[in-house]
Amino acid sequence: MDIIFLKPVYKDYIWGGTRLKKEFNKNTPYEKTAESWEVSTNKNGKSIIINGEWKDKDLDELFNNQETKESIFGKRCLQMEKFPLLIKFIDADDNLSVQVHPNDEFAKRYENDSGKTEMWYILDCKENAKLICGLNENAKKENIKEILKNGEIKKYLKYVDVQKGDSIYIPSGTVHAILSGILICEIQQNSDLTYRIYDWDRVGKDGKPRELHIDKAVDVIDFNSKAEKIESNGQNVQEIMKTKYFNVDKIKIEDIYTDTSNIDTFYAISITDGSGKIYYENKEINIKKGDSFIVPAKLGEYKIEGKIELLKSYIS
């Protein structure tokens, strides 16, 4: 059984920059790249396997192979119709739109999809960087539609200061935006549903204002939702997120890290800094910043050697 390495899908949204190509060695065809979808079976971009017996197949095809589903993705995925996660690297050279994502119930009823709860891990950011994470106390359910239609939402946004190493939990229904000068690893539910409510009065590549989704947004904004910031505790292994949708551990390796796969779940590994090697079943593979791969549920023991920082995402 092989660890599964993946080729990402690139997105050239108008707010993207050049750091994914320059710093993460991404072979993107775009001059500016906003997102690198690292682990994805989403219909809007599917990761391609680049090694082993499943080489050149997309990850969605492998997930739907009932003969290998349990051994690769674990017991918890057996009854799932689709792969549960979508993992991205995001380079915000400019502000993203202010937006909100629906919960599972709304998404299933109106979009035939799953909702979108997500978390952000700050890979790097400019000095005094901020994120938009929620609305202030002056925004109420009874006045939000008028606020949005009048384009006055900027006065009602809640800003959070962030620095490298912080993690932010964004439950569905939370108004939010990544702002300029921030590099992020995003772990989220496998959904691409976004309702845009404000776009900084700019135009898209066609010269026209990008579409807003105010009516749907009004229906899904959760005025009780709480974004949460988790700061790095400086330890080599830190559980930075534990939710009903995903768990995420941050691991800093200074020499050798030994781990064992879990028969209940796959591990999705995102290398966020450094380089080294991974060893398993008498195999040795070089790994570096920007690589993403899946540790199958029944792989067994594996070791990572080097000076490396990584995020390990999985389900429970």
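The values are calculated or read from the model by the stated rules, or taken from the named source; none is laboratory data. None of the values given here were measured: they were computed from a predicted structure. Every residue, glycine among them, receives a Cβ derived from its backbone with ideal geometry; neighbour counts consider all protein chains shown.
Miscellaneous remarks
- Every residue from region 220-261 that is part of a loop (DSSP other than H, G, I, E, B) and among the acidic types (Asp, Glu): Asp222, Glu231, Glu254, Asp255
- Any hit, region 59-75, residues being among the small types (Gly, Ala, Ser), assigned to a loop (DSSP other than H, G, I, E, B) and either outside the structural domain of Asp273 (by TED's automatic domain parsing) or touching a Leu at 6+ places or on another chain (Cβ under 7 Å) (or both): yes
- Every pair of residues 6+ apart whose Cβ atoms lie under 7 Å, when the first sits in region 127-144 and is under 14 Å from Ser97 (Cα atoms) and in the same structural domain as Val218 (by TED's automatic domain parsing) while the second is at pLDDT below 95 and surrounded by 11 or more Cβ atoms within 10 Å (Cβ to Cβ): Cys133/Ala227; Gly134/Ser225; Gly134/Ala227
- Set Phe89, Phe106: member being within 24 Å of Lys11 (Cβ to Cβ) and either touching a Ser or Thr at 6+ places or on another chain (Cβ under 9 Å) or assigned by TED's automatic domain parsing to the domain that holds Lys11 (or both): Phe89
- If you go through region 116-148 and keep only what is under 17 Å from Asp215 (Cα atoms) and in a loop (DSSP other than H, G, I, E, B), you end up with Ala139, Lys140, Lys141, Glu142, Asn143.
- Here Tyr279 does not fit the description of being in a strand (DSSP E or B), buried (at least 19 other Cβ atoms within 10 Å of the Cβ), over 22 Å from the mean Cα position of the chain (by Cα) and touching a residue at least 12 places away in the same chain (Cβ under 8 Å).
- Among the residues of region 24-56, the ones that are loosely packed, with under 15 Cβ neighbours inside 10 Å and over 16 Å from Val295 (Cα atoms) come to 7 in all.
- Residue ID - farthest from Ser316 (Cα to Cα), chosen from residues in region 288-303 that are among the small types (Gly, Ala, Ser) and crowded, with 23+ Cβ neighbours inside 10 Å: Ser292
- Residues in region 282-301 that are within 17 Å of Phe83 (Cα to Cα) and not in a loop (DSSP other than H, G, I, E, B) were compared, and the one that is nearest to the chain's Cα centre (by Cα) is Ser292.
- Only residues that are in contact (Cβ under 8 Å) with a residue 60 or more places away in the chain, of a type in the set (Val, Ile, Thr) and either assigned to a loop (DSSP other than H, G, I, E, B) or not assigned by TED's automatic domain parsing to the domain that holds Leu123 (or both) were counted in region 5-48, giving 2.
Listed here are the residues, each with its yes/no results for (1) buried (at least 17 other Cβ atoms within 10 Å of the Cβ); (2) modelled with pLDDT under 95; (3) closer than 30 Å to Gly134 by Cβ; (4) assigned by TED's automatic domain parsing to the domain that holds Ile90.
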position	(1), (2), (3), (4)
Val218	yes, no, yes, yes
Asn224	no, yes, yes, yes
Asp255	no, no, no, no
Thr258	no, no, no, no
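- The number of residues in region 74-88 being crowded, with 18+ Cβ neighbours inside 10 Å and out of contact with any helix residue (DSSP H, G or I) (no Cβ under 6 Å at 6 or more places or on another chain) comes to 8.
- Restricting Val203, Val175 to those that are closer than 30 Å to Leu311 by Cα and assigned by TED's automatic domain parsing to the domain that holds Glu23 reduces the list to Val175.
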